[in-house]
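The values are calculated or read from the model by the stated rules, or taken from the named source; none is laboratory data. The structure presented is a predicted model; accordingly, all values stated were derived computationally and were not measured. Neighbour counts are summed over all protein chains in view; Cβ atoms, including those assigned to glycine, are modelled from backbone coordinates with ideal geometry. These accessible areas exclude ligands, DNA and RNA; they are computed on the full protein's heavy atoms, side chains included. Shrake-Rupley method; radii C 1.70, N 1.55, O 1.52, S 1.80 Å.
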Amino acid sequence: MSMTPTRFGPYLLDRKLAVGGMGELFVARRIAPEGPNGGVAGRRCVIKRILPVLTQDPEFVARFHDESRIAVLLRHECILRVLEVGAAEGRHYLAMEYVDGLDLRSLLSSCWRARRLLPVPVSVYIASQVLSALAF
């Protein structure tokens, strides 16, 4: 989903990835501090931002931060690292590592359009990686 890059706290939101029932995801970059080298810096990341209506629910925000504190501690090759938990402009967010590549939804959509099944070895590999992360 294309959009004009927009500043959000210490990040520049470059592109919207998705919107769900609880939040929205953006590809972003951290903005460098002001100074002679000020500007956009660093690698891309993903910002998961709570929808405005849910920011008004203190119980939801508390659960979001409880889950965020746990997510920050997770270190597994199949789980995205949480880089930062914070709030900006009254909106709570998670900054997570960005992994460039094809996502499973796009892969499955391509298979569906081509009227082809995902090969069994690929399906088994994906399932085993998901189960590994869940078991962790």
Study note, to complete from the structure: Of (1) out of contact with any helix residue (DSSP H, G or I) (no Cβ under 6 Å at 6 or more places or on another chain); (2) open to solvent by less than 80 Å² (accessible area, probe 1.4 Å); (3) not basic (Lys, Arg), residue 89 satisfies every one except (2)
Point to revise | Selection from segment 102-126 of residues that are surrounded by 10 or more Cβ atoms within 10 Å (Cβ to Cβ) and assigned to a loop (DSSP other than H, G, I, E, B) | key: 103, 117, 118, 119
Revision key, fill the gap. Scanning segment 69-84 for residues that are assigned to a loop (DSSP other than H, G, I, E, B) and basic (Lys, Arg), the one least open to solvent (accessible area, probe 1.4 Å) turns out to be 81
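Residue by residue, here is whether (1) under 17 Å from residue 136 (Cβ atoms); (2) among the aromatic types (Phe, Trp, Tyr); (3) touching a helix residue (DSSP H, G or I) at 6+ places or on another chain (Cβ under 7 Å) holds:
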{"site": "61", "(1), (2), (3)": "no, no, yes"}
{"site": "67", "(1), (2), (3)": "yes, no, no"}
{"site": "80", "(1), (2), (3)": "yes, no, no"}
{"site": "97", "(1), (2), (3)": "yes, no, no"}
{"site": "100", "(1), (2), (3)": "no, no, no"}
Check your understanding: When segment 79-107 is examined, which residues are found to be more than 14 Å from the chain's Cα centre (by Cα) and closer than 23 Å to residue 124 by Cα?
Key -> 102, 104, 105, 106, 107
**Study point:** Flag for residue 87 being over 18 Å from residue 133 (Cβ atoms) and not in a helix (DSSP H, G or I)
**Key:** yes
Study note, to complete from the structure: Counted residues in segment 27-61 being of a type in the set (S, T, N, Q) and either closer than 16 Å to residue 13 by Cα or modelled with pLDDT of 70 or more (or both) come to 2
Practice item. Those residues that are open to solvent by 40 Å² or more (accessible area, probe 1.4 Å) and not in a helix (DSSP H, G or I), I need them from segment 51-68; list them, please. Key: 56, 57
Exercise for review: Considering every residue within segment 66-75, establish whether at least one is under 30 Å from residue 55 (Cβ atoms) and in contact (Cβ under 8 Å) with a residue 24 or more places away in the chain.
Suggested key: yes
